[in-house]
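Undergrad: Structure incoming, see below.
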Amino acid sequence: MIDKTLREKLRAFDMTLSTLPEPGIQARTLIDQAGLGEITRLQQGAIQTVAAQTFPTVDRDMVDAKPMDARLALGLIAQIYGAKDNLDVLNAQADPEFKALVINSGDATLSDIFQLLEQHRLQVDRGEGRNLLKVPVIIWADGALRIGPGESLTFLRDTGAFLANFGRLEIDGASFGVEGQPNPNAPDFIPFIVNAGGASVKARNSSFTDLGFGNELKFAGFSVARNPLLVRKDEIVIENNTFSNLSTVGASMADNVVLRNNRIHGSRGASLVVTHSLDARIIGNLITGDAPTNGIRLLQGSSRGVIAGNVILRGNRTGIVVQNDSQRVSVRNNVVWQRDGGGITVSKSSCGVIEQNLIMDNDQKGIEIRTGRNMIVRDNTVIGNNSIGIWVSAQEPGALTLVDHNLLLGNDAGLATATGETVVMTDNDFTRQFPRFVSGDLSSQGRVIATNLKGETPMILTAGGLQDGPLPDVSCVE
């Protein structure tokens, strides 16, 4: 039986991930080994894997660096993202003058960083010989930092270390972590990597552990928090990495950002967040562990995004959230299993497509559409959720929702609306959704579904009953 087989696969997969596999094993490999490849498989080339490799040889520009007050960099970030949590960063600084090493220009390596720290007497050792960074490092707009295969960088929490990139950051095959006790002057502070201003970043094949703090994206762990007036045309690619025990991996104002084939485990906040970013690609990521809130968030005008081929196991609240004027988003071929919340929610956004997802054994709604015009819910498998399988609510007058060719099985109820306006039903399979086919505003229409369990006869459902006439066109024309 389809539900038993899928449930066994997911349980077995979850057990193998109870201890985090080695970072070198990529998300795509683990998903395929678990037998979930067909569910999450996308078009050829959509999930690209890139092996760790040595950086190509380039003629490096001479590095110009000097000490600078870290408050200048924090102030620039605060102009766009506010000053919240800045005081914690400042209080964490061991240097009363808040000095940081700033790369003004040139292409720096990790070795350059530690030589320059010693040269300017900001840190007189190489972190006990193991790349332990004790002070902030800032890459200015004309600077670059390249960290390559086998290299590592550890941030010391006690002294307020962090990395802020306003220029170019290229990471391939490296590892990053945190050491030290809670900062005596700012116990909440935990080191972070932020790419701000007009920054560009490529981070591949690397591991990031224990980074990030606060309730803002900017210091959340590994983040892109750009200024729209300074943005470069360079691509932002974050792929094939392992992020463990970060607060959040996130991007804001990062059009065309690619977050692909990453493993994110045990997040302390929302696992992966994208805001204010057009054409984002969130593809093939594996999100696991007991995270306290959503797995993936696409928010605040992040239109034309694609959330595809991701696997989200366990954790609290809804697995995938699309919200607040994020129009024409495609959510497809994802697996969301056993969340303490729901599966997929789209709210205050229109013209989206939710298709070919497996939403299974979650505590709340399987798929939820709330205030979403011209939404299409198609070819999904929605099984064993403890609330409604597909929920449509708070729709504006005249709003249309197409519910097409979905399998609804063993949910608390199959379909429900609350001010759902018009729901166009075609080819949905309710044969194993007995006894509660519908609920909410549609409670009185259970008999309508019971006489059409496989959806062979198209229907137009409203709270007032069946609507006569030809099927309306739900596609977006705006």
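Undergrad: Kindly rank 250-258, 24-32, 393-401 from highest to lowest mean number of other beta carbons found within 10 Å of each residue.
TA: Result, highest mean Cβ count within 10 Å first: 250-258, 24-32, 393-401.
Undergrad: Which angle from 0 to 90°, rounded to the nearest 10, does the C-alpha axis of helix 2-16 make with the longest principal axis of the chain?
TA: 20
Undergrad: By per-residue mean of other Cβ atoms within 10 Å, what is the highest-first order of 224-235, 406-417, 454-465?
TA: 406-417, 224-235, 454-465
Undergrad: Rounded to the nearest angstrom and ordered from largest down, what semi-axes does the equivalent ellipsoid of segment 209-256 get from its C-alpha gyration tensor (root of 5λ)?
TA: Result for segment 209-256: semi-axes of 21, 14, 6 Å.
Undergrad: Write down the Å³ per residue value for the convex hull defined by the alpha carbon atoms of segment 285-420.
TA: 78
Undergrad: Still on this structure, please answer the following. Going out from 0 in 5 Å bins, what whole percent of all Cα-Cα distances in segment 91-171 drops into each bin?
TA: All Cα pairs, binned at 5 Å, distribute as 3, 15, 28, 28, 19, 6, 1 percent.
Undergrad: So how much accessible area does Glu421 have, in Å² to the nearest 10, using a 1.4 Å probe?
TA: Taking all protein chains as shown, Glu421 has close to 70 Å².
Undergrad: Still on this structure, please answer the following. Report the convex hull volume per residue for segment 257-296, counting only C-alpha atoms, in Å³.
TA: Taking only Cα atoms, segment 257-296 has a hull volume of 57 Å³ per residue.
Undergrad: So for the chain, averaging the separation of alpha carbon pairs under 8 Å that are six or more residues apart and normalising by length, what relative contact order in percent results?
TA: With pairs under 8 Å counted, the relative contact order is 8 percent.
Undergrad: Still on this structure, please answer the following. What are the lysines whose alpha-carbon lies under 21 Å from the alpha-carbon of Lys218, with same-chain residues fewer than 8 places away excluded?
TA: Partners within reach: Lys84, Lys99, Lys134, Lys202, Lys233.
Undergrad: Apply the Debye scattering formula to segment 266-364, with a single equal point scatterer on each alpha-carbon and no solvent, then give log10 I(q)/I(0) at q = 0.11, 0.19 Å⁻¹.
TA: The calculated log intensity ratios at q = 0.11, 0.19 Å⁻¹ are -0.26, -0.79.
Undergrad: Moving to a separate point now. To the nearest 0.05, how large is the calculated FRET efficiency for Leu90 and Asp125 if R₀ is 22 Å and r is the Cβ-Cβ distance?
TA: Taking R0 as 22 Å, the efficiency between Leu90 and Asp125 is 0.35.
Undergrad: Taking the radius of gyration and the Kirkwood hydrodynamic radius from Cα positions alone, what is the Rg/Rh ratio for the chain, to two decimal places?
TA: 1.04
Undergrad: For segment 110-264, go through all pairs of different Cα atoms, get the mean of 1/r, take its inverse, and jot down that Kirkwood value in Å.
TA: After inverting the pairwise mean of 1/r, the radius is 15.5 Å.
Undergrad: Let me ask something else about it. Which lysines, if any, have their Cα less than 26 Å from the Cα of Lys365, not counting same-chain residues under 8 positions apart?
TA: Lys4, Lys9, Lys348, Lys454
The values are calculated or read from the model by the stated rules, or taken from the named source; none is laboratory data. Computed from a predicted model, the values in this text were never measured in an experiment. Backbone-built Cβ (ideal geometry, glycine too); neighbour counts: all protein chains shown. Protein only, heavy atoms only, side chains kept; ligands, DNA and RNA dropped before computing areas. Shrake-Rupley method; radii C 1.70, N 1.55, O 1.52, S 1.80 Å.
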